[in-house]
Amino acid sequence: MPRAELDQITYRKLHMGDHDLFEAHLLALDPESRRTRFGMATTDAFLVQYAARCITLNAIIHGAFHGKTLIGVAELRPIGDLFTEEAELAFSVASNWRNCGIGTNLFGRMLRSARNRGFGRLYMTCLKNNAPMRTLARKFTAEISLEFDESVALVSTPRRSIISVLREAIEDATELTTQALDWQRRTFARRSLEQSPLSR
Ligand SMILES: CC(C)(COP(=O)(O)OP(=O)(O)OC[C@H]1O[C@@H](n2cnc3c(N)ncnc32)[C@H](O)[C@@H]1OP(=O)(O)O)[C@@H](O)C(=O)NCCC(=O)NCCS
């Protein structure tokens, strides 16, 4: 992937309004990627249902974007009650964007989110032959402890620090400002188009 294309990738958390992008990203995964992502073969109908119920208030979903296209996703879902310290992790990157560091970037962001929310134990579907995911996770062994069995990885995260909390808060605020400015720019552009004599 050319450097110029990689420089255009942006990262932000997904919200309810991103449902269509999330669904399109999942549906574009080929059968093998679906199998490694979910640990089983999945149909389009399953993915449509999954996308419909998965952007919830307690889930944290980080996205990687190229322009308006969602090209990578990292999902963190608490397992159990409100005070649980356990969560489920999952990753998917569009096949034409792999091996460019997007998964690694999302993993780092996700670890920080997990740590800031006090999730100490994270579980991830990671089939034995999923070499890219295993290689990626091993890059973080300075920060986390990792245990693999046949199909699941257990990631133990360190406790939060004031620095990790502040970093996430600053990033969220920056993303929000960027989105607000983008929304304002698009509103102005639409209004000027509506008021233009050519559009009458
Ligand atoms: C796993 C996945 C998220 C990785 O995303 P990615 O953006 O390609 O990840 P990165 O580029 O940051 O890192 C991948 C690493 O795996 C390495 N890798 C790729 N293929 C490999 C292979 N066959 N054997 C060993 N390592 C491999 C890459 O070289 C890279 O390491 P490097 O940065 O040291 O070169 C992506 O492959 C994917 O979406 N797979 C389908 C869904 C899935 O399996 N999800 C994980 C389970 S939830």
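Phi angles across the stretch 131-137 convert, under the Karplus curve 6.51 cos²θ - 1.76 cosθ + 1.60 with θ = phi - 60°, into 3J(HN,Hα) values of 4, x, 5, 5, 4, 4, 4 Hz, Gly and Pro given as x. Considering only Y50, Y11, Y123, the mean-square fluctuation computed in a Gaussian network model of the chain, springs between alpha carbons under 10 angstrom, is largest for Y50. The Cα atoms of the chain cover 66, 41, 38 Å along the three principal axes, with the biggest extent listed first. The slack in the chain from N58 to Q179, taken as 0.36 nm per residue of separation less the alpha-carbon distance, amounts to 41.4 nm. Dividing the summed -39500 (n - 2.57) terms of all DSSP H runs of n ≥ 4 by the residue count of the chain sets its mean residue ellipticity at 222 nm at -14000 deg cm²/dmol.
To the nearest 20 debye, what charge dipole does the chain have about its Cα centre, counting +1 at the Cβ of each Lys and Arg and -1 at the Cβ of each Asp and Glu?
The calculated dipole for the chain is roughly 460 debye.
Rounded to the nearest Hz, the phi-derived 3J(HN,Hα) couplings of the stretch 73-82 under the Karplus curve 6.51 cos²θ - 1.76 cosθ + 1.60 (θ = phi - 60°) are 9, 10, 10, 10, 10, x, 10, x, 7, 4, where x marks glycine and proline.
Since every read-out is calculated from the coordinates, none of them should be taken as a lab result. Everything numeric in this text was worked out from a predicted model, so none of it was measured. A quick note on method: Cβ atoms are made from the backbone with ideal geometry, for glycine too, and the neighbour counts reach across all protein chains shown.
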